[in-house]
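Student: One structure coming up, written as structure tokens, with questions to follow.
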Amino acid sequence: MQRIGVFVCWCGSNIAGTVDVVAVAEALKKEPGVVFSTDYQYMCSQAGQDLIVSSVKEHNLTGLVICSCSPRMHEATFRKTAQVAGLNPYMVEIANIREQCSWVHKDMPIGTEKAIILGKAAVAKVNLNAPLTPGESPVTKRALVIGGGIAGIQTALDIADAGFPVDIVEKKPTIGGKMAQLDKTFPTLDCAACILTPKMVDVAQHENIRIFSYSEVTDVKGFIGNFDVTIKKNARFVNEDICTGCGDCVTKCPQKKVPNEFNLGMDNRSAIYIPFAQAVPKVATIDPAHCTMLKTGKCGVCSKVCKANAIDYTQKDEFITERYGAIVVATGFDPISMDKFDEFAYNQSKDVITSLEFERLTNAAGPTAGKLLRPSDGEHPHKIVFVQCVGSRCDSCAEKGKEYCSKICCMYTAKHAMLTRDKYPDTEVYVFYIDVRTPGKNFDEFYRRAVEEYDVHYIKGMVGKITPEGKKLMVRASDLLDGKQLNIDADLVVLATAIEPDKSARSLATMLTASMDTNDFFTEAHPKLRPVESPTAGVFLSGTCQGPKDIPETVSQAGAAASKVIGLLAKDKLKGNPCVASSDELMCNGCSSCEKVCPYGAITYENKEFRMPDRTTRVRRVASVNPAVCQGCGCCTVTCPSGAMDLRGFMNEQIMAEVDAICK
Amino acid sequence: MNKKYLREDIIRMSGVNPKKCMRCGKCSGTCPAYDEMEYHPHQFVSMVESGDIEPLLESDSLYRCLTCFACVERCPRGVEPAKLIEAVRLTAIRRQGANRLTPNDIPAMLDDEIPQQALVSAFRKYTK
Amino acid sequence: MQVKEYKPLIVAFCCNWCSYAGADLAGNNRLNYPADVKIIRVPCSCRVNPMFILRAFQRGADGVILCGCHPGDCHYTSGNYFTRRRMAMLFSMLDFLGIERERTRVEWVSAAEGAKFAATMNDFVTQVAALGENKRLEDLRCKK
């Protein structure tokens, strides 16, 4: 049996004005378990706290009920007081008789009556309270960044600069991501490579950063502070440590007809390749799908020309397991496939291209060395049509495209249009838009410059159909403001395709038990206040894996994610919330219901040996909750059909007791 | 007829929700009969939405729509303008004396090429 | 002739992060609502076991209201979606048993919606009071 002390606070006249505090203290004295009851003007003051401490000692109290303001206000204060008095801090319950009683009711008898009932409920709960101690778990001071684009690079650099080791896992042979493929960046028009490649070099040279390129994460186990991650290093058939990146093998390779994915298939590369000149790590990779030696065993030219002897045709995939304290997801985006949009003739004509392809066409390191030429015949285009919102803002019942706005298309289309007019004043440029969305620093000014200074024809209306006719592309569209239908004979059409999360994101989210929205973007722990954290503790989000973003936003989010990681890794031990779920193994029937509803992946099942009454042992599958991961929502407790799952601090019994006390 | 009732009737008949339209004009951009029409597909959607239906009922545009469903196929918001036009057309036709085609008109149109089915569907489309 | 004014007994379950804070805000702004409402704090609306609600009715509650964060705003990401489904089931069962729909309610109240909290409680109390005392599910043994 508990020995409970009740302390009723006047809060000056805040409570005492509407509630007869003396009567409350008197009434609660009669409750089971209550051995002492008093009132005081300001319980939260030093004198009030001293009163609590001395009463605990004097009356040998084991539990406290404070009738005062909201627990959101002073619960922490009174828990500390309990600790000072030598009690477990979780033996305190608060009856909220200010915000939820005296302040909302005007009548003294009514207020007093309600305060007594609230006090009774708190007493009933404390009677069933048990001391709780938060668990502690160590923190491994190493971070993992998944994805080596600008988001991953920035996050890794920021964490590494703070002195913590970081590993970057990138599935491509080089880091750099989508930004490495871009030509110029809006709205300042600085060249993407000029600002990105120095950062890539910084990453390569940083003593705290390791790069696992051409690698993937295949398994994640553990929880915040202690993730055990398996990384698969795909065989690149080149010894990374020896390869100097001289490129002799690339020039001598006889198989040169492989579509170059870095240029989106607009030119070819050899079977052994370095994606681009500034690649990091700058080592060659053999594409096993196209290498004659690996396919037929006859060739071996690259190993003959390699002076460093780095080629190793027998290399195998390698699995590495490493422990990390925090994981940052920076998996980025891809433009959507145009297969479902037949009306834009993307698959019929080479001269209908996506914006990312246009970036490569205008990039000095691209397939045309920066000259804007039609992919079909290499001629200079004179009339160019840009189509915005291709695949963005589609209704779900249209069954193609995405429902969201891809955010970056308006600005990069303005950039493309402007740069085209700047370099080639003899071209006519049309942009078909639905809305031009330019919320950002210097964004609208940039768009207006495209219209006013560069004479780009912005037409409100959507392109309905594109038909290749001879060398031309007939673009049929509506001009909504002029009320006419236009037929434009364009030489080149550029589609501002919607972006979607990288395909690998879904399987990664499953491994991390991080939640995603219906579009496969990772969800944040709180949309406003915790935008760079995943609801899964220890998993952080950086860049477009969380939602469409431009480069400055991505970089600032990457920095924010890094600072959260640093904050976590700076701790030696993590103190958990003791109000977590726990399962009664004797009652658990192993049905897995709780595992399915847990948003944090805190519940796992294990086979455990149980000693039966007849002295035999039996192995049963039972749930176990990881207290370091559980956040204490209690969803599992309701789902559990056998009633094995309960939530400490908010036990079924305790809430029932509160209900009973209120309904008495 | 009551204007509000008319709007609701057309929306119910067509099963189209004109509020979903984001005013992109792709329907009009794709319409093969655009130049024949006084009111264009996107205008049908926005005029029905605003309840401005009388001018549509009186317009010849109703019978210029080929019901080719290009607008339905390409609408990114799934609004289905052709179904809406069909509903307005039916509303016009259902009014007394609004038949656009009578059996007496047929002999003048007949030629060897015209299939039976075209006549049947013309009756369905243009008469009450 | 009524001897004593009928006072309904309402049990309100409020999630710690949104609705309980919303109730506090109603207090801070001194927005009145009837004292018949007694609030029980739970970490999340999904912590509310249907058993608690049945127990409340058994013990003579006249109405039970469950408040949580707005859908999509749950502190625990998805808890209130579970609540919504569970309560839809439970309330329809209660309806079947004779506990009117009007006696049960799920309401989304954010931490900023003190006014909504007070208005909701006023409305709910009036609604339950109009139905009169709940006797259908009351376990009379509990009265002893």
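The values are calculated or read from the model by the stated rules, or taken from the named source; none is laboratory data. Worth saying up front: this structure is predicted, and the values here are computed from it rather than measured. Reconstructed Cβ throughout: ideal geometry from the backbone, glycine too, with neighbour counts over all protein chains shown.
Student: Pairs needed: first member in the stretch A:112-136, closer than 22 Å to A:Lys80 by Cβ; second member anywhere, aromatic (Phe, Trp, Tyr) and surrounded by fewer than 24 Cβ atoms within 10 Å (Cβ to Cβ); C-beta distance under 7 Å; at least 6 residues apart or different chains.
Tutor: A:Asn129/A:Tyr90; A:Pro131/A:Tyr90; A:Leu132/A:Tyr90
Student: Assess whether A:Asn652 counts as being more than 7 Å from chain C (Cβ to nearest Cβ) and within 20 Å of C:Tyr76 (Cβ to Cβ). If you could, list the steps in order and put the result at the bottom.
Tutor: Numbers: more than 7 Å from chain C (Cβ to nearest Cβ): no; within 20 Å of C:Tyr76 (Cβ to Cβ): yes.
When the stated conditions are applied, A:Asn652 does not pass them.
Student: Can I ask one more? Looking at the stretch B:78-100 only, could you name the residues that are surrounded by 22 or more Cβ atoms within 10 Å (Cβ to Cβ) and in a loop (DSSP other than H, G, I, E, B)?
Tutor: Of the stretch B:78-100, the ones surrounded by 22 or more Cβ atoms within 10 Å (Cβ to Cβ) are B:79-82, B:84-85, B:88.
Once the filter is applied, which keeps residues that are surrounded by 22 or more Cβ atoms within 10 Å (Cβ to Cβ) and in a loop (DSSP other than H, G, I, E, B), the stretch B:78-100 yields B:Val79, B:Glu80.
Student: Which of the residues spanning the stretch C:1-20 are surrounded by fewer than 24 Cβ atoms within 10 Å (Cβ to Cβ) and under 19 Å from C:Cys69 (Cβ atoms)?
Tutor: Here is the first cut: in the stretch C:1-20, the residues surrounded by fewer than 24 Cβ atoms within 10 Å (Cβ to Cβ) are C:1-9, C:16-17.
Correct list: C:Asn16, C:Trp17.
This table checks each residue for (1) among the polar types (S, T, N, Q); (2) crowded, with 19+ Cβ neighbours inside 10 Å; (3) touching a strand residue (DSSP E or B) at 6+ places or on another chain (Cβ under 9 Å).
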site: A:Asp377; (1), (2), (3): no, no, no
site: A:Cys394; (1), (2), (3): no, yes, no
site: A:Tyr404; (1), (2), (3): no, no, no
site: A:Lys407; (1), (2), (3): no, yes, yes
site: A:Tyr412; (1), (2), (3): no, yes, yes
site: A:Asp422; (1), (2), (3): no, no, no
site: A:Tyr430; (1), (2), (3): no, yes, yes
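Student: Among the candidates A:Ser563, A:Ser534, which residue alone is touching a residue at least 40 places away in the same chain (Cβ under 8 Å) and under 14 Å from the mean Cα position of the chain (by Cα)?
Tutor: A:Ser534
Student: Taking the stretch C:62-86 as the region of interest, how many residues are away from every other protein chain (no Cβ under 11 Å) and farther than 21 Å from A:Ser515 by Cα?
Tutor: Of the residues in the stretch C:62-86, 4 are away from every other protein chain (no Cβ under 11 Å) and farther than 21 Å from A:Ser515 by Cα.
Student: Would you list the strands (runs of 3 or more DSSP E) that sit entirely within the stretch A:444-539 and hold 3 or more residues that are in contact with a Lys or Arg (Cβ under 6 Å, 6 or more places away or on another chain), in the same structural domain as A:Tyr404 (by TED's automatic domain parsing) and at negative phi? Reasoning before the result, please.
Tutor: Numbers: elements: A:457-460, A:463-469, A:472-479, A:484-490, A:492-497, A:499-501.
Correct list: A:484-490.
Student: So A:Lys106 clears everything in (1) closer than 21 Å to A:Val22 by Cβ; (2) not polar (S, T, N, Q); (3) not in a loop (DSSP other than H, G, I, E, B) except one condition, right? Which one?
Tutor: A:Lys106 satisfies all of (1) closer than 21 Å to A:Val22 by Cβ; (2) not polar (S, T, N, Q); (3) not in a loop (DSSP other than H, G, I, E, B) except (3).
Student: Just give me the residues in the stretch A:198-217 being touching a residue at least 60 places away in the same chain (Cβ under 8 Å) and either in a helix (DSSP H, G or I) or surrounded by fewer than 18 Cβ atoms within 10 Å (Cβ to Cβ) (or both), in sequence order.
Tutor: A:Met200, A:Val201, A:Val203, A:Ala204 - these are the residues of the stretch A:198-217 that are touching a residue at least 60 places away in the same chain (Cβ under 8 Å) and either in a helix (DSSP H, G or I) or surrounded by fewer than 18 Cβ atoms within 10 Å (Cβ to Cβ) (or both).
Student: Please indicate, with yes or no, whether at least one residue in the stretch A:597-607 is surrounded by fewer than 23 Cβ atoms within 10 Å (Cβ to Cβ), of a type in the set (D, E, K, R), farther than 23 Å from C:Trp17 by Cα and outside the structural domain of A:Leu118 (by TED's automatic domain parsing).
Tutor: yes
Student: Give the stretch A:461-507 a look and list any residue that's exposed (fewer than 15 other Cβ atoms within 10 Å of the Cβ) and under 20 Å from A:Ile353 (Cα atoms), or say none.
Tutor: Correct list: A:Thr467, A:Glu469, A:Gly470, A:Lys471, A:Asn487, A:Asp489.
Student: If you don't mind, there's one more thing I want to ask. Among the listed residues A:Lys383, A:Lys371, A:Lys295, identify the single one that is without any contact (Cβ under 8 Å) to a residue 12 or more places away in the chain, closer than 18 Å to A:Val429 by Cβ and over 31 Å from the mean Cα position of the chain (by Cα). Please lay out each step first, then the result.
Tutor: Details: A:Lys383 fails: without any contact (Cβ under 8 Å) to a residue 12 or more places away in the chain; A:Lys295 fails: closer than 18 Å to A:Val429 by Cβ.
Within the list A:Lys383, A:Lys371, A:Lys295, the selection yields A:Lys371.
Student: What number goes with the only condition from (1) more than 9 Å from every other protein chain (Cβ to nearest Cβ); (2) in contact with a helix residue (DSSP H, G or I) (Cβ under 7 Å, 6 or more places away or on another chain); (3) free of Cβ contacts under 8 Å to residues at least 24 places away in the same chain that C:Asp123 does not pass?
Tutor: The number of the failed condition is (2).
Student: Continuing with this model, one more query. Looking at the stretch C:100-118, can you tell me whether even one residue there is of a type outside the set (A, V, I, L, M, F, W, C), closer than 19 Å to A:Ile662 by Cα, buried (at least 23 other Cβ atoms within 10 Å of the Cβ) and more than 9 Å from chain A (Cβ to nearest Cβ)?
Tutor: Kept after step one, since they are of a type outside the set (A, V, I, L, M, F, W, C), are these residues of the stretch C:100-118: C:100-105, C:107, C:110, C:113-114, C:116.
Of the ones still in play, those that are also closer than 19 Å to A:Ile662 by Cα are C:103-105.
Still in the running and buried (at least 23 other Cβ atoms within 10 Å of the Cβ): C:103.
Those still in the list that are more than 9 Å from chain A (Cβ to nearest Cβ) too: C:103.
Scanning the stretch C:100-118 turns up at least one residue that is of a type outside the set (A, V, I, L, M, F, W, C), closer than 19 Å to A:Ile662 by Cα, buried (at least 23 other Cβ atoms within 10 Å of the Cβ) and more than 9 Å from chain A (Cβ to nearest Cβ).
Student: Shifting gears a bit: Out of A:Glu58, A:Glu75, report the one residue that is surrounded by 15 or more Cβ atoms within 10 Å (Cβ to Cβ) and not in a strand (DSSP E or B). If you could, list the steps in order and put the result at the bottom.
Tutor: Working: A:Glu58 fails: surrounded by 15 or more Cβ atoms within 10 Å (Cβ to Cβ).
Exactly one of A:Glu58, A:Glu75 is surrounded by 15 or more Cβ atoms within 10 Å (Cβ to Cβ) and not in a strand (DSSP E or B), namely A:Glu75.
Student: Output the residues belonging to the stretch A:432-456 that are away from chain B (no Cβ under 14 Å) and surrounded by 15 or more Cβ atoms within 10 Å (Cβ to Cβ). Quick ask: steps written out before the conclusion?
Tutor: Just the residues of the stretch A:432-456 that are away from chain B (no Cβ under 14 Å), to begin with: A:438-456.
Of everything in the stretch A:432-456, those that are away from chain B (no Cβ under 14 Å) and surrounded by 15 or more Cβ atoms within 10 Å (Cβ to Cβ) turn out to be A:Thr438, A:Gly440, A:Phe443, A:Asp444, A:Phe446, A:Tyr447, A:Arg449, A:Ala450, A:Val451, A:Tyr454, A:Val456.
Student: Would it be correct to say that C:Leu31 is under 19 Å from A:Cys101 (Cβ atoms) and not in a loop (DSSP other than H, G, I, E, B)? Give the steps one after another, and end with the answer.
Tutor: Details: under 19 Å from A:Cys101 (Cβ atoms): yes; not in a loop (DSSP other than H, G, I, E, B): no.
So C:Leu31 fails the test.
Student: A:Asp339 passes all but one of (1) free of Cβ contacts under 8 Å to residues at least 24 places away in the same chain; (2) within 30 Å of A:Phe540 (Cα to Cα); (3) of a type in the set (Asp, Glu); which number fails?
Tutor: (2)
Student: Let me ask something additional. Can you report the number of residues in the stretch A:79-122 which are buried (at least 24 other Cβ atoms within 10 Å of the Cβ) and more than 14 Å from chain C (Cβ to nearest Cβ)?
Tutor: 1
Student: While we're on this one: With the structure loaded, tell me whether A:Ala122 is under 27 Å from A:Asn652 (Cβ atoms), in a helix (DSSP H, G or I) and not hydroxyl-bearing (Ser, Thr, Tyr) or whether it fails that test.
Tutor: Details: under 27 Å from A:Asn652 (Cβ atoms): yes; in a helix (DSSP H, G or I): yes; not hydroxyl-bearing (Ser, Thr, Tyr): yes.
Taking the combined requirement at face value, the residue satisfies it.
Student: Let me ask something else about it. Residues of the stretch C:8-28 being within 8 Å of chain A (Cβ to nearest Cβ) and part of a strand (DSSP E or B), which ones?
Tutor: Residue satisfying the conditions is C:Val11 alone.
Student: Same structure, new question: Filter the stretch B:37-73 for residues that are within 14 Å of A:Gln485 (Cβ to Cβ) and either under 9 Å from the mean Cα position of the chain (by Cα) or not hydroxyl-bearing (Ser, Thr, Tyr) (or both) and give the result.
Tutor: Just the residues of the stretch B:37-73 that are within 14 Å of A:Gln485 (Cβ to Cβ), to begin with: B:37-43, B:61, B:64, B:70-71.
Listed by number, the residues that qualify are B:Met37, B:Glu38, B:His40, B:Pro41, B:His42, B:Gln43, B:Ser61, B:Arg64, B:Ala70, B:Cys71.
Student: Still on this model: Enumerate the pairs (first residue in the stretch A:620-649 and more than 10 Å from chain C (Cβ to nearest Cβ) and in contact (Cβ under 8 Å) with a residue 60 or more places away in the chain; second residue anywhere and aromatic (Phe, Trp, Tyr) and in a loop (DSSP other than H, G, I, E, B)) with beta-carbon separation below 6 Å, excluding pairs fewer than 6 apart on the same chain, so at least 6 apart or on different chains.
Tutor: Short answer, once both residue conditions are applied: A:Val629/A:Tyr600.
Student: Right, next: Hey, could you check the stretch C:34-61 for residues that are touching a residue at least 60 places away in the same chain (Cβ under 8 Å) and either in contact with a Lys or Arg (Cβ under 8 Å, 6 or more places away or on another chain) or not small (Gly, Ala, Ser) (or both) and say which is nearest to the other protein chains (Cβ to nearest Cβ)?
Tutor: Checking each candidate, the answer is C:Arg59.
Student: Here is a check on your reading of the model: is A:Ile499 β-branched (Val, Ile, Thr), modelled with pLDDT of 95 or more and over 30 Å from B:Met37 (Cβ atoms)?
Tutor: Values: β-branched (Val, Ile, Thr): yes; modelled with pLDDT of 95 or more: yes; over 30 Å from B:Met37 (Cβ atoms): yes.
Judged against the criteria, A:Ile499 is a match.
Student: I've got another one for you. Of the residues A:Lys316, A:Lys282, A:Lys304, A:Lys298, only one is more than 30 Å from A:Cys410 (Cα to Cα) and outside any loop (DSSP other than H, G, I, E, B); which?
Tutor: Working: A:Lys316 fails: outside any loop (DSSP other than H, G, I, E, B); A:Lys282 fails: outside any loop (DSSP other than H, G, I, E, B); A:Lys298 fails: outside any loop (DSSP other than H, G, I, E, B).
Only one candidate qualifies: A:Lys304.
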